[in-house]
């Protein structure tokens, strides 16, 4: 079977158009939320905590804020994108179309990752209005941004297939991912924590993702960059394996 580029583009274009129809929820709301975080954390806390690892506190939290929005928006965009066809019953038309599972995943995950990466760059531009930013490794910053957006879009795609209701669709992002992000060094360095909490925090996978992204800005992180990249690629491979199994078995796709 040859690669169906037209089918991939049709799904991708439809998903991107949906973002434009809901631009307030997709773009404006996360940007306003980011601005409020800067007001609360940057001003209120930053006035008492001037620097962390030699970086002004307002600038230190920028990578964490971007990751916080990236995680949630990647999961939401991808999960809703595949769940809605299940909800309306059009998933069977998609599965019977001359589009392979790889092409379906490529289109949905590609669109979700694109929207999330663009949002991340918009938030970065918004943050530059509040604090002076320095990006030591801009190429790595962009690469890590795209890699994490793709990984969490895959994770969201899995959630969208697994979920059987809108409540389940929001369960993992709200009650699992968001708390792990707040506890993963988004607004502080884990080196500030006393033992045994510092050691326990290393079992939080989000720590490695945020630390790697922060390294691309300031050249330092809570964990070595090698461990951050290994953790990110490991999560990506695990998500790919789960998606492959879902399509192979038809898990909650054909029932």
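No value in this document is a laboratory result; all are computed from the given coordinates. Just so you know, these numbers come straight off a predicted model, no measurement behind them. Backbone-built Cβ (ideal geometry, glycine too); neighbour counts: all protein chains shown.
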Ordering of 240-247, 133-140, 180-187, 192-199 by burial proxy (mean other Cβ atoms within 10 Å per residue, highest first): 180-187, 240-247, 133-140, 192-199
Residue 254-residue 29 FRET efficiency (beta carbon distance; Förster radius 41 Å; 0.05 resolution): 0.70
Residue-span extension gain [residue 96 to residue 121] - 0.36 nm each, minus C-alpha spacing: 5.3 nm
Spacing of the two label points (7 Å from each Cα toward its C-beta) at residue 18 and residue 128, in nm: 3.1
Cα point-scatterer Debye curve for the chain, base-10 log of I(q)/I(0) at q = 0.16, 0.18 Å⁻¹: -1.17, -1.41
Where the Cα pairs of region 134-255 fall when distances are cut into 10 Å bins, in %: 13, 37, 32, 15, 3, 0
Normalised contact order of region 1-114, rounded percent, pairs of Cα under 8 Å and 6 or more residues apart: 49
FRET efficiency, residue 198 to residue 9 (Cβ-Cβ, R0 35 Å, nearest 0.05): 0.15
Nearest 10 degrees, 0 to 90: helix 138-162 Cα axis against the chain principal axis: 50
C-alpha center-to-center spacing [region 121-159, region 179-251] in angstrom: 14
Helix-only [θ]222 nm of the chain, DSSP H runs n ≥ 4, -39500 (n - 2.57) each, per residue, nearest 500: -21500 deg cm²/dmol
Angle in degrees between helix 101-127 and the longest Cα principal axis of the chain, rounded to the nearest 10: 30
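Please give the FRET efficiency for residue 227 paired with residue 88, using the beta carbon to beta carbon distance and R0 = 45 Å, rounded to the nearest 0.05. Walk me through the numbers before you get to the answer.
Working: r = 42 Å, r/R0 = 0.94.
Step by step, r from the Cβ atoms, then E = 0.60.
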